[in-house]
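Below is one structure; the comments refer to it alone.
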Amino acid sequence: GMSLSAGSSPLHSPKITPHTSPAPRRRSHTPNPANYMVPTSASASVANAVSQPPSTGQVIQKETVGGTTYFYTDTTPAPLTGMVFPNYHIYHPAAPHVAYMQPKANAPSFFMADELRQELINRHLITMAQVDQADIPAVPAEVDSYHSLFPLEPLPPPNRIQKTSNFGYITSCYKAVNSKDDLPYCLRRIHGFRLVNTKCMVLVDMWKKIQHSNIVTLREVFTTKAFGEHSLVFAYDFHAGGETMMSRHFNDPSADAYFTKRKWGQHDGPLPRQHAGLLPESLIWAYIVQLSSALRTIHTAGLACRVMDPTKILVTGKTRLRVNCVGIFDVLTFDNSQNNPLALMAQFQQADLISLGKVVLALACNSLSGIQRENLQKAMELVTINYSSDLKNLILYLLTDQNRLRSVNDIMPMIGARFYTQLDAAQMRNDVIEEDLAKEVQNGRLFRLLAKLGTINERPEFQKDPTWSETGDRYLLKLFRDHLFHQVTEAGTPWIDLSHIISCLNKLDAGVPEKISLISRDEKSVLVVTYSDLKRCFENTFQELIAAANGQL
């Protein structure tokens, strides 16, 4: 049962002409629904089959096209008698595992379509934001190959002398569009930095190779004078709507009240509890899994994060974390005298683990004051009272000096089965998003139908014929448009039914044989046609417009 020509029958391939040999066709990984309800072996051969017993249920077929005979293997299973699939597009109901999905306690809610839609709209709005050059002249029109710069944080004053506490330089951040690929990126500018040696680009190339779901990818580093002075610019992927962990969780001054010093004899306030001033433990573990995963990838690549800080960790959506500004310290603190640029990475990796412990402790206390040296004992007491021993042991392990080199893999036993909880939450969220995507697939198809129909109806003139849209096939489509949108009740009031519009458009798209009555506006003529006739008129008319637009008429 060997096929003499690789590929399918030319009559079943719309992209192959009869004048050429059929080209190989890549098999689709999407299963055919008929495959689930067919017998294991074919019981009957198909017409035009070679008189040869089929092996393993496959049939050798031949077809002659243009004097050439093609042999091919028919692997299409024969459907069972009684199998009926809809010949038109429909909106299927939600899958049971999504319809009956209930949010778990202490878990973020991902189950509101309106919430997801609003989040996407906000991201789109931020991505398309621009500035008025007249109001903000300090923002240049172009920087290297980037344009349409938009400040993502307040710009520092021109005469500012104070440096940032993180990098030791004045920094600013912009959203910009790359003219090479027309995609938005985030530009982190280091003010007044002159790059004197390009040996550090070895580390930049290593960072550019890291792709991780919890790391903001570094794309390129370049120098520029577009801002009026020497500047070093780091280009990262842009994640619209992201906010720092600092602004999400540590922006409330009252949260530090438990750790602030009090006068002699003044009693402490009420002890913070989960859901009453402290974060739920499930959220903290979700953050730990993501941050430890990012550190594991960075350390495996032979690099160190060095920016494990609440001001450099982005939060998008509910609980999605991304480590931002990676690679900046490697360039700013690069030592030209070092023969091996990776010599100090092991030391920096140990510092990453301490920084991770400080972030987790700050989250557990819901206060940055808890990680100060004088408050560590009080902070650990708060963790012991409110959280599990695993979380306490993890914090102690990360913050305590060890006699050996530690690895981020050492905390995996402390995370334990909570990793499966995060995996389950991610897959549940994926199910919900796929369900929403299935709806948008149908919406996009119906929009294309309406767009095509709108280009045909009421066209004032075509090929110098002012009556083109009122005659022939176009007249049927005009009446169908009235049937869709301009129905009235017996009292003469508008009859608006979205299900009627969707149902009629789906039947038009599929070309079902169902008949429909189209009434003229003067109600003197009634035309009875099928949806298949309307589809033929629709496709022929639109192809006529396309041919005229391409200059083929």
For this session: May I ask you to list the residues in the range 178-195 that are more than 30 Å from Ser293 (Cα to Cα) and in contact (Cβ under 8 Å) with a residue 40 or more places away in the chain?
Result: His191, Phe193, Leu195
Problem set entry | Thr224, sole failed condition from (1) polar (S, T, N, Q); (2) closer than 17 Å to Val307 by Cα; (3) buried (at least 17 other Cβ atoms within 10 Å of the Cβ) | (2)
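For the range 363-393, give me each residue that is assigned to a loop (DSSP other than H, G, I, E, B) and within 21 Å of Pro253 (Cβ to Cβ).
Hits for the range 363-393 are Asn366, Ser367, Gln372.
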Seminar exercise, completed: Of the residues in the range 353-402, those that are out of contact with any helix residue (DSSP H, G or I) (no Cβ under 6 Å at 6 or more places or on another chain), of a type in the set (Ser, Thr, Tyr) and more than 19 Å from Met245 (Cα to Cα) come to Ser388, Ser389, Tyr397, Thr400
Problem set entry | Selection status of Leu218, farther than 25 Å from Tyr287 by Cβ and not charged (D, E, K, R) | no
Seminar exercise, completed: For helices (runs of 4 or more DSSP H) lying entirely in the range 394-502, having 3 or more residues that are farther than 30 Å from Leu356 by Cα picks out 418-456, 472-485
Seminar exercise, completed: Only one of (1) touching a residue at least 60 places away in the same chain (Cβ under 8 Å); (2) surrounded by fewer than 21 Cβ atoms within 10 Å (Cβ to Cβ) does not apply to Gly242, and that is (2)
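Each reported figure results from applying straightforward, stated rules to the coordinates on display, with no laboratory input. Source: prediction; values computed, not measured. Don't worry about glycine lacking a Cβ; one is built from the backbone with ideal geometry, like all the others, and counts go over all protein chains shown.
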